[in-house]
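One structure is given here, and the rest of the page talks about it.
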Amino acid sequence: MSEELKNENGFGSSLELLDALGIGPVWVRRELAVEEAVAQEAPVVEAPARPAVQPAEPVASPVAEAAPAGGSDLEDAFAAAPATPVALPVARPAPAAPVAQPAAPRAPERRSPPVADDGGPPSWLDEMDFAASMEPLLIPDGGEHDEDDAPAQVDPMVARIAAMDWPQLKEIVSDCQRCGLCKGRKNTVFGVGDEKAKWLFIGEGPGRNEDQQGEPFVGPAGKLLDNMLAAMGVKRGDNAYIANIVKCRPTGDDGRDRPPSPQEVASCLPYLQRQIALIQPTVLVALGKTAAISLLGMDPSTPVSRLRGTVHRYQDLPLVVTYHPAYLLRTLSDKSKTWADLCLAMSTYQQQAPN
């Protein structure tokens, strides 16, 4: 700094202080100041991703002053200064508003992976609004009942049969009309044997010979049964009683023997049940399929082969199933199986008989 400026009108001390602080006046050429101002006016490109608009910041531009022509006269320097264009603070232009970008496709909603079933209620059950989804439950007022709910009607005749003795039972069977079998019979077949027997053999129903004579198991099938009893050490009328599921002969439209229907069995079974109660046998032997499924209450399609070899129970009485004698006359090879069944019955009898 020239000595003349330091001593001119008290500027010396002030300029000297500013010079010492490094903030004294800067002298630049006029054309340089113009170029710098133009460069600063250029817009600044902002990244379009930034939504916020930054406020304009003033840019400090140095004051352009003309250099002293000769460097000798301070007044000449200041006289030339007003002619020099001064770069005023220029506000930084605000960035252009971001152009609306087309909406990107919405990403699919992430769903949590399915939870393994742990045996509990499904997860969607907890999300249901039961108060809105459940319909009011209508409770019957008891005024109406379905036919299935009504108590089964008890046949008064069955109760009467259950209280009869032997003479009363024989008399009512001889005049029975509880089913349609009474229309084609010649004789009812009540039963035969020892009324205090320990062995009770039960067949299906009377055949043609039985219907004519009024006695169960006569003819060829009856002779085979007598031989079976003799092999066991018993005989007809001596510690053995023989009866049938139905007391009348069931026949088809062609006049031939047939198995009794379930309705016919149900009508006649109370008679047999009363006979069993009066005899109180030790062992029951069911001869054939019809006798077995009727006493055990099993499906009619159950074959005898599935019922053999096992001691069943009928009202706490042991029951053994074997083939019917009429079947054995047609299938001689199964006689050995029948003997095995009779051996099972005798073994059961020995276990039941008192010492």
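The overall shape of region 202-340, judged from the alpha-carbon gyration tensor, is rounded, with an a/c ratio under 1.5. Solvent-accessible area of region 239-354 (1.4 angstrom probe, protein heavy atoms only): carbon and sulfur portion equals 49 percent.
The values are calculated or read from the model by the stated rules, or taken from the named source; none is laboratory data. Predicted, not measured: the structure shown is a model, and the values here were computed from it. Note: accessible area is taken over every heavy atom of the protein model, side chains too, but ligands, DNA and RNA are not part of it. Shrake-Rupley method; radii C 1.70, N 1.55, O 1.52, S 1.80 Å.
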